[in-house]
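As structure tokens, the structure follows; a few thoughts come after it.
The values are calculated or read from the model by the stated rules, or taken from the named source; none is laboratory data. Everything numeric here is computed off the predicted structure, so don't read it as measured data. Note that each Cβ is placed from the backbone with ideal geometry, even for glycine, and that neighbours are counted across all protein chains shown.
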Amino acid sequence: MRCWILTIGDELINGLRVDTNTAWLAARLSDLGVEVERAVSLGDDDGAIRDALAGALAGTDLVIVSGGLGPTQDDRTKEAVAAHFGVGMTRIPEIEEAVQTFFATRGRSITPVNLDQALVPDGFAWHINPRGTAPGLLKEQDDRLLFVLPGVPGEMRAFWHDWLEPLLQDRLGGRHIIRRRWFQTTGIGESDLFSRVGGLEDLAPTITLAYLPSAWGVALYVTGKGEDAPAVEAALAQAEARIVAGSGDWFFARGDVTLAEHLAEQLRERGLHLAVAESCTGGLLADTLTNVPGASEWLDRTWVTYSNQSKTEELGVPAELIAAQGAVSEPVARAMAEGARQQSGSDFALATTGIAGPTGGTPGKPVGLVFLACAGPAGTVVRRYLQGENGRRYNKQRAAANALDLLRRLVEKRNPFQGGWESPG
């Protein structure tokens, strides 16, 4: 089965919003053996939507439209779809009741325009929105399927799980086997990792491997395809063994797992507690950690000690040390981590200090210079990183990732001086 995805909304083509629905849908469709041939973003324009629908329905088996189903005048998808098929719209009592219930349970007043969400193009099947008010729509014609869904990501995904996926699985009958696996690494660049793992070309066409780098590390995304499930699983097992062996200590988890989630599990299993003292990362490290559910079980407290005075007052870093060495230095990073551990009584304490940029650098301390420290039961380890002028946000993310990896290595009793993007000097 082949598919086109059409995402609708002026906000998508004028830069106000990023289209995340296409990538999310494409990954799930691929899992079902559906090939996405084309993805197009359009504005809220009746003519453009009708033209795109005509091309999509003439050239493929499945079309998924997302967006432009809101209750206001600028959302034109439903009207354009009805015009394309030359049909009117009928008010569906069940949808209208669901919309009324949606507003009543939230203590909100409903307006006539909200009730117009119950209008459905004639000849379309519909599905009540489990998270919002705009229904999902389905048109079957000449063995082709057209789904029209809301553009709000949470609503669109709920429709996928409740409606599209079961229907498509039934249509496809599980004829084509597709299995996917994630492997997570950090502290190593994409090219270095490739030199260790390779592309697994000898396992093709059953196995394909993608490298997905970010500021937090490199994820390896393995896809196994075939008609015979045992053969696909055997090839995946070969791929996994080679990836894990090749990536060594830089590998930290299987599955779609973040570094913070993995670290949380390690701390929880060992009954360890953590404190964090941040300067250059400005709270990003704490935010990343507290995005993990249940963080209160292992995260004791955090500080954002951005000024020199706060480092002295909150963490006990000697003012004369800062004056002599500068806030961005190995001794100050060490003192921050040790002060945080002493103040909190935690098993481990992380500290970050650096120059995120784009200003503030000097010849001796350029933009991207970061010192990270981790104080623990066996002492304090300080690492120096030179991350370059990659932008303020990126440098903060990379510093946070390196800090978490440093802690991971200490908790798991690995070499703390391996990994990370460290200055050769």
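List of remarks:
- Close pairs (6 angstrom Cβ cut-off, 6 or more residues apart or separate chains): at positive phi in region 31-42, hydrophobic (A, V, I, L, M, F, W, C) and at pLDDT below 95 anywhere: GLY33/ILE178
- Filtering region 340-352 to residues that are under 15 Å from GLU314 (Cα atoms) and touching a strand residue (DSSP E or B) at 6+ places or on another chain (Cβ under 7 Å) leaves ALA340, ARG341, SER344, ALA349, LEU350, ALA351, THR352.
- GLU37 meets all of the listed conditions (1) over 23 Å from LYS78 (Cβ atoms); (2) part of a helix (DSSP H, G or I) but one, namely (2).
- PRO424 vs. criteria modelled with pLDDT under 95, over 15 Å from SER214 (Cα atoms) and surrounded by fewer than 16 Cβ atoms within 10 Å (Cβ to Cβ): yes
- Among (1) in contact with a strand residue (DSSP E or B) (Cβ under 8 Å, 6 or more places away or on another chain); (2) touching a residue at least 40 places away in the same chain (Cβ under 8 Å), the one test that PHE159 misses: (2)
- Condition check for TRP4: farther than 17 Å from HIS161 by Cα and either touching a residue at least 40 places away in the same chain (Cβ under 8 Å) or assigned to a loop (DSSP other than H, G, I, E, B) (or both): yes
- Residues satisfying the stated conditions in region 134-147, i.e. surrounded by 14 or more Cβ atoms within 10 Å (Cβ to Cβ) and either on the phi > 0 side of the Ramachandran plot or out of contact with any Gly (no Cβ under 9 Å at 6 or more places or on another chain) (or both): PRO135, GLY136, LEU137, LEU138, ARG144, LEU145, LEU146
- Test: residue in region 2-13 that is touching a helix residue (DSSP H, G or I) at 6+ places or on another chain (Cβ under 6 Å), assigned by TED's automatic domain parsing to the domain that holds ARG144 and of a type in the set (Gly, Ala, Ser): no
- Search result, residues across region 361-390 that are polar (S, T, N, Q) and touching a Phe, Trp or Tyr at 6+ places or on another chain (Cβ under 7 Å): GLN387
- Qualifying positions in region 100-129 - of a type in the set (A, V, I, L, M, F, W, C), out of contact with any Lys or Arg (no Cβ under 9 Å at 6 or more places or on another chain) and either outside the structural domain of PRO71 (by TED's automatic domain parsing) or at pLDDT 95 or above (or both): TRP126, ILE128
- Among the criteria (1) surrounded by 20 or more Cβ atoms within 10 Å (Cβ to Cβ); (2) assigned to a helix (DSSP H, G or I), the one ASP170 does not fulfil is (1).
- Taking residues in region 107-128 that are without any contact (Cβ under 8 Å) to a residue 12 or more places away in the chain and in a loop (DSSP other than H, G, I, E, B), and partners anywhere that are crowded, with 17+ Cβ neighbours inside 10 Å and among the aliphatic types (A, V, I, L, M), the pairs with Cβ atoms closer than 9 Å and at least 6 places apart or on different chains are ILE110/VAL99.
- In region 238-256, the qualifying residues are those that are surrounded by 16 or more Cβ atoms within 10 Å (Cβ to Cβ) and among the hydrophobic types (A, V, I, L, M, F, W, C), and the one that is farthest from ALA400 (Cα to Cα) is ALA239.
- For region 368-390, the set of residues classified as touching an Asp or Glu at 6+ places or on another chain (Cβ under 9 Å), at pLDDT below 95 and buried (at least 21 other Cβ atoms within 10 Å of the Cβ) consists of GLY368, TYR385, listed by residue number.
- Exactly one residue out of ASP75, ASP51 is assigned by TED's automatic domain parsing to the domain that holds VAL120, surrounded by fewer than 22 Cβ atoms within 10 Å (Cβ to Cβ) and part of a helix (DSSP H, G or I), and it is ASP51.
- Of all the residues in region 209-229, those that are touching a Leu at 6+ places or on another chain (Cβ under 8 Å) and surrounded by fewer than 18 Cβ atoms within 10 Å (Cβ to Cβ) number 4.
- Top-ranked residue in region 287-324 [being closer than 25 Å to LEU259 by Cβ, of a type in the set (D, E, K, R) and out of contact with any strand residue (DSSP E or B) (no Cβ under 8 Å at 6 or more places or on another chain); ranked as surrounded by the fewest Cβ atoms within 10 Å (Cβ to Cβ)]: GLU297
- Set side by side, the residues VAL65, VAL81, VAL148 differ, and just one is within 34 Å of the chain's Cα centre (by Cα), in a helix (DSSP H, G or I) and at pLDDT 95 or above, which is VAL81.
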